Amino acid sequence: MSIISRMEVSLSIDQIKEGDRTRKDMGDLKQLAADIEERGLIHPIAVNQNYELLAGGRRLAALRHLGKATIPVIVLETEGSVEDIEIELMENISRKHLHWSEHCILEKRIYDLHS
């Protein structure tokens, strides 16, 4: 897999084409939308040169829930549909959730900073 080019731009949310996405269970979008509203979008969604969604379906759904008209995106120029699907797969399996003990450590740090 090779990405030909990468560019960060701002797009109208209506320009993004979702197509047939693999992930059907979006989880708690209200919480994600609240986090984005409070802190902003930390990781922009990714689209290909045709503005077809590659990564960030949950973030896109949360931004739509918030009524955003324009959002930051990363445009990846790809070589075609196989590469597009590889990017979707990579985005969804490469993450590793925090171990419960790591989560507790971060929660304690936040608590201590607020105290």
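Name, by its number, the condition in (1) crowded, with 16+ Cβ neighbours inside 10 Å; (2) part of a loop (DSSP other than H, G, I, E, B); (3) among the basic types (Lys, Arg) that does not hold for Lys24.
Evaluating Lys24 over (1) crowded, with 16+ Cβ neighbours inside 10 Å; (2) part of a loop (DSSP other than H, G, I, E, B); (3) among the basic types (Lys, Arg) leaves (1) as the failure.
Spot the failing condition for Ile42; the list is (1) free of Cβ contacts under 8 Å to residues at least 60 places away in the same chain; (2) of a type in the set (A, V, I, L, M, F, W, C); (3) assigned to a strand (DSSP E or B), and only one is missed.
(3)
Are any residues in segment 77-99 within 17 Å of Gln49 (Cβ to Cβ), in a helix (DSSP H, G or I) and open to solvent by less than 90 Å² (accessible area, probe 1.4 Å), and if so, which ones?
Answer for segment 77-99, where residues must be within 17 Å of Gln49 (Cβ to Cβ), in a helix (DSSP H, G or I) and open to solvent by less than 90 Å² (accessible area, probe 1.4 Å): Ser81, Glu83, Asp84, Glu86, Ile87, Glu88.
Only one residue in Ile45, Ile16, Ile71, Ile4 is of a type outside the set (Gly, Ala, Ser) and surrounded by fewer than 17 Cβ atoms within 10 Å (Cβ to Cβ). Which one?
Answer to the selection: Ile4.
The values are calculated or read from the model by the stated rules, or taken from the named source; none is laboratory data. Just so it is clear, the model here is predicted, and its values are computed rather than measured. Every residue, glycine among them, receives a Cβ derived from its backbone with ideal geometry; neighbour counts consider all protein chains shown. Only protein heavy atoms, including side chains, enter the accessible area calculation; ligands, DNA and RNA are left aside. Shrake-Rupley method; radii C 1.70, N 1.55, O 1.52, S 1.80 Å.
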